[in-house]
1. Show which aspartates and glutamates lie in cross-link reach of Lys154 when reach means a straight Cα distance below 15 angstrom and same-chain residues fewer than eight apart are skipped.
2. Could you sort Ser171, Ser141, Ser131 by accessible area so the largest value comes first, with the probe set to 1.4 Å?
3. Please calculate how many Å² of accessible area the chain carries per residue, with a 1.4 Å probe and no DNA, RNA or ligand atoms counted.
4. Using θ = phi - 60° and the Karplus relation 6.51 cos²θ - 1.76 cosθ + 1.60, list the HN-Hα couplings for the range 55-71 in order, rounded to whole Hz, with x at every Gly or Pro.
5. Please report the net charge: other residues with Cβ closer than 13 Å to the Cβ of Tyr152, K and R +1, D and E -1.
6. Where the convex hull is taken over the Cα atoms of the range 96-146, what is its projected area averaged over directions, in nm²?
7. Determine the share of the chain's accessible area contributed by carbon and sulfur atoms, expressed in whole percent, with a 1.4 angstrom probe.
8. Accessible surface of Arg20 in the full protein assembly, 1.4 angstrom probe, to the nearest 10 Å²?
Amino acid sequence: ANNQPFALIGVASDITIKKRRELEARVLFEITQGITRSENLDDLLKLIHNSLGKVVYAENCFVALHDEKTKLFSFPYFVDKFDSTPSPTLMKKSCTAYVFKTNEPFLFQQEEFDKLQEQNEVELVGLFSPSWIGIPLQTPSKVIGVLVLQHYEKENVYSETDVQFLKSVGSQIAISIERKQAE
């Protein structure tokens, strides 16, 4: 009789994982459809933001694109409850620039950030957010920018599962941005 609650927990988490995967697949499909249906980059980025919000906390979301010629990051999409859209900027030691440079997702953890800060890799830019996740936007040929989601009030809002999901979406987003820019 003592084992019963454990079995229920196991089943409940399996259902949760299964539902999450189904939702992720639906959102990926939505984004893929959006690529062909969107009139322009702005519409597409709004659709992507809306779709991502069905799976992860995405109230504060921005896309930073890197310009190879000027070395500046611009922000074609920037939704944030505190900050307004920045002008194109170098973003030298920001977490965003770090994600771009390393081409690796970065899930903010204070300990890791402190270590990177000591190594002079990153510094705090903008308001501090205890939950921050950055995903490189990678086309088949190069990284064109970074997708960032953040939460200002809570810690540990994002998980490795979110990183994996956003990574799978990141290349789709990158390719679609490149396509829209070419149009």
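The values are calculated or read from the model by the stated rules, or taken from the named source; none is laboratory data. Here the structure is a predicted model, which means the values were calculated and not measured. Neighbour counts are summed over all protein chains in view; Cβ atoms, including those assigned to glycine, are modelled from backbone coordinates with ideal geometry. In case anyone asks, the SASA skips ligands and DNA or RNA and just uses the protein heavy atoms, side chains included. Shrake-Rupley method; radii C 1.70, N 1.55, O 1.52, S 1.80 Å.
1. The reachable aspartates and glutamates, counting only those whose Cα sits under 15 Å from Lys154, are Glu59.
2. Details: Ser171 45, Ser141 95, Ser131 5 Å².
So, going from the largest accessible area down, we get Ser141, Ser171, Ser131.
3. Values: 10540 Å² over 183 residues.
Computed with neighbouring chains in place, this is 58 Å² per residue.
4. 10, 10, 5, 9, 4, 10, 8, 8, 10, 10, 9, 9, 9, 4, 6, 8, 6
5. Values: positive: Lys81, Lys154; negative: Glu59, Asp80, Asp83, Glu153, Glu155.
Taking every Cβ under 13 Å from that of Tyr152, the sum is -3.
6. Numbers: hull surface 14.0 nm².
Approximately 3.5 nm², given one-decimal rounding.
7. Details: 5480 of 10540 Å².
So the carbon and sulfur contribution to the accessible surface is 52 percent.
8. Its accessible surface works out to 60 Å², give or take rounding.
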